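Working notes for the structure below.
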Amino acid sequence: MKTEFTPEQLTDPHLAEANKILRTCVHCGFCTATCPTFLIRGDELDSPRGRIYLMKDMLESGRAADAKTVTHIDRCLGCLACMTTCPSGVHYAHLLEIGKAHIEATYRRPWHDRALRWMLAKIVPHAGRFRLAMLGAKIARPFRGLLPDPRLRAMLEMAPPSLPPVSRNDDAQTFAPIGARRARVALMIGCAQRALNTDINDATIRLLRRAGCEVVIPKNFGCCGAMTLHMGREAEGRATARASIASLIKADREGPLDAIIINTSGCGTTIKDYGHLFAGDAIAGDAARVSALAKDVTEFFDAFGLPEVSPKAARVAYHSACSLQHGQQVKAAPKSLLAQAGFTVVEPENPHLCCGSAGTYNLLQPELSGELKRRKVATLAATAPEIIAAGNIGCMVQIGSGTDTPVIHTVELLDWATGGPRPRGLETRAH
């Protein structure tokens, strides 16, 4: 793609990066075939290629974002299926972040939109605040039909019927391995996940310890910055990412880490990109170290090996989170591990398509998100599963709200098959 940024513009690192990315695009349109929003709407501007044109025009002209551009960029899931498909290696993820940051800096949204986004940014990345918000939403849920904004209704509908007690396993501490120590790892404990489902971290710790890992829960460990970065709130996202890096590096210096384990793939995609995010910064070396150590829990065990397995016989439909299969290119490991654990693993039709969760997308774009959920649940149901497995809490909540089939984190099933308890989610659905 031909670009016409001025020499003065190219002194801006963000614009220089955008220019480099834009020039790799050859207009081929392969990305449209795997873009969920284009498949639903059939609008070129709701495809990656269309959005690339919009961002090019906005950034190249130096103008403030307009309502049309914002509408189509907001509709992007950020699922990154286009990056998996692209034959030219266009780094759409980085371009999208630059475009969203420009929108946040130059476009004044309607007051109710600003208020909603501010609320999400101040609540979701903080586990305690999010837990309180979910309790409030549960109380208000019976009155959701009175709300005029479908996004507010979506927020109330997302509230689970109950929340688990806080798990003390998420407190800063170190868990000794069971048997001889084979590795020292840190566990990224997540934000919303800690409020919605404490079983995931508990299962991860048990599985790691059983495999001979010393498991460190770092001190002062908070949000990775993914959610605010994806909303274009760059300063907030970088600040929380910087704090996470400091926490992880401190743990690494106290005793070298062999890996940073991540069981929320949306966070994993961002953490693996810290090296890029902080390139040229004073903490660039630390950021690159954290990125290099970051491993999805299934990626880690695929190389490290599972503890002794007591095979479980169940038909499991594996849902591959976009952030895992497209953002991190981790595709085979989860299915291979589930098969090693004795499960019969099946995949739905079009497994590359998003379920519609996509961070806060299901709250900000409930209509498109709802259609994607309907399609994903239908393709999963067609495999006649006893269990649906997924590696991201957002996907689990999204899919779980549309089916009676238990939706269980992959690591809980692996923990169960290697000596851990039967996942509580199976017992809840059974009753």
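Here are the numbers for the structure shown:
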quantity: Straight-distance crosslink candidates among lysines, where the alpha carbon sits under 18 Å from Lys2 and sequence neighbours closer than 8 are dropped; calculated: Lys20, Lys56
quantity: Set of lysines with alpha-carbon distance to Lys335 below 24 Å, sequence-local pairs under 8 removed; calculated: Lys272, Lys295, Lys312, Lys373, Lys376
quantity: Estimated vicinal HN-Hα couplings, Hz - the range 227-239 in sequence order (Karplus 6.51, -1.76, 1.60; Gly, Pro = x); calculated: 5, 5, 4, 6, 8, x, 8, 4, 4, 5, x, 5, 5
quantity: Relative pair counts by distance (%), Cα atoms of the range 287-346, 5 Å bins; calculated: 4, 17, 24, 23, 18, 8, 4, 2, 0
quantity: Amide H partners (placed H, <5 Å) of Ile408, local residues excluded; calculated: Ile388, Ala389, Ala390
quantity: Directionally averaged shadow of the range 192-309, computed from the convex hull of its alpha-carbon atoms, nm²; calculated: 7.6 nm²
quantity: Karplus (6.51, -1.76, 1.60) ³J(HN,Hα), θ = phi - 60°, over the range 26-33, in Hz, Gly and Pro reported as x; calculated: 10, 6, 5, x, 4, 5, 5, 5
quantity: Separation of alpha-carbon centers, the range 1-74 and the range 373-394, rounded to whole Å; calculated: 32 Å
quantity: In Å², nearest 10: area of Thr228 left accessible to a 1.4 Å probe; calculated: 10 Å²
quantity: Of all DSSP beta bridges in the chain, antiparallel share, percent nearest 5; calculated: 15 percent
quantity: Cut-off 9 Å between beta-carbons: net charge of the residues surrounding Leu248, Lys and Arg +1, Asp and Glu -1; calculated: 0
quantity: 1.4 Å probe accessible area per residue over the range 298-371, in Å²; calculated: 38 Å²
quantity: Pairwise FRET efficiency - Arg238 versus Ala16, Cβ, R0 = 22 Å, nearest 0.05; calculated: 0.75
quantity: Long-range amide H partners of Lys312 with built H, under 5 Å; calculated: Gly342, Phe343
quantity: Carbon + sulfur, % of accessible area of the chain - ligands and nucleic acids excluded, 1.4 Å; calculated: 55 percent
quantity: Reach of Lys138 by Cα under 15 Å, taken over aspartates and glutamates that are not fewer than 8 positions away in the same chain; calculated: Glu157
quantity: By average C-beta atoms within 10 angstrom, highest first, the peptides 126-139, 314-327, 203-216; calculated: 314-327, 203-216, 126-139
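The values are calculated or read from the model by the stated rules, or taken from the named source; none is laboratory data. If you're wondering where the values come from, they're calculated on a predicted model, not measured in any experiment. Every residue, glycine as well, gets a Cβ built from its backbone with ideal geometry; the counts of neighbours run over all protein chains shown. All accessible areas refer to the heavy atoms of the entire protein, side chains included, with ligands and DNA or RNA removed. Shrake-Rupley method; radii C 1.70, N 1.55, O 1.52, S 1.80 Å.
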